1. Where a ≥ b ≥ c are the square roots of the eigenvalues of the C-alpha gyration tensor, would you call the stretch 120-222 rounded, which needs a/c under 1.5, or, failing that, prolate if a/b is larger than b/c, or oblate?
2. Between D218 and D125, what length comes free when the chain is fully extended (0.36 nm per residue of separation minus the Cα-Cα distance, one decimal in nm)?
Amino acid sequence: MKWLSVAEISKITMIPAPTARRYASLFKEYLSCRKMGRVTKYPESAVEIFKRIVSLYNDGLVTTEIEEILRSEFPRTIEISSTERSVASQPSMNIQAELSGAFADMMANMTKSLEMVANQKSIIDEQREDIYKLKKAFVLLARSQKKIKALPQLDISSITEGYDERTCALEQKDVELEEVTSELSQENSNLRNKVEVMEAELVRLRRDRREMENYFLDKIKRLKP
């Protein structure tokens with residue numbers, strides 16, 4: 001069986017190397033691997049899994065949805081060589097594995113934060129579209145009401161009473177539409193504030209990621225013989 005590094009898989013699948021490494025970390029339960037020296041390598045069959053992951057992301061799915069699909073399509077097996085098992089028993093390698101796992105979890109949380117920000121922006125855009133439609137409907141309703149009032153008055157009492165009732169109903173609808181427009185504007189403002197807070201949090205997460213990455217690299221360098 002031919003074993004491939006992440007760099008080789010990146011060339012075959014045309015996936016950028018950093019992205020391929022992130023996929024290998026996020027979906028490691030579905031990717032068989034073997035430690036060869038300091039390099040982790042994957043069998044040729046892993047290429048199809050990487051291509052499948054890219055295809056699902058391109059279809060607009062999020063990480064949790066992709067995990068469910070991979071769980072149904074691929075077995076969750078990870079191959080570990082005997083050399084890796086013996087080395088893993090050493091305390092220093094255990095610490096390195098814990099640091100790598102913590103870094104992977106941090107990257108996963110950052111990905112979820114980006115997805116939440118994108119979802120919030122989509123909701124705001126939908127709210128803006130609804131407000132625009134309501135305002136347009138309100139203008140059309142006001143014009144219709146003016147046209148109705150401009151019609152000549154008839155002497156038939158029944159028609160007059162019906163006209164008054166319709167006028168009152170239209171005025172009530174005007175009030176209701178104005179209230180709905182005000183509420184939607186307030187919700188839009190609240191959502192915009194939430195997005196600003198999340199963007200600030202995202203900046204903080206990126207800064208923390210850089211600091212944690214430097215910290216992990218420094219730890220790993222110190223643990224190397």
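Read the figures in this text as sums done on the coordinates, not as results from a lab. These figures come from a predicted structure and were not determined experimentally.
1. On the way: a/c = 8.69, a/b = 6.24, b/c = 1.39.
Prolate is the answer for the stretch 120-222, as a/c is 1.5 or above and a/b outweighs b/c.
2. Numbers: separation 93, 0.36 × 93 = 33.48 nm, distance 4.35 nm.
Contour length minus the Cα-Cα distance gives 29.1 nm.
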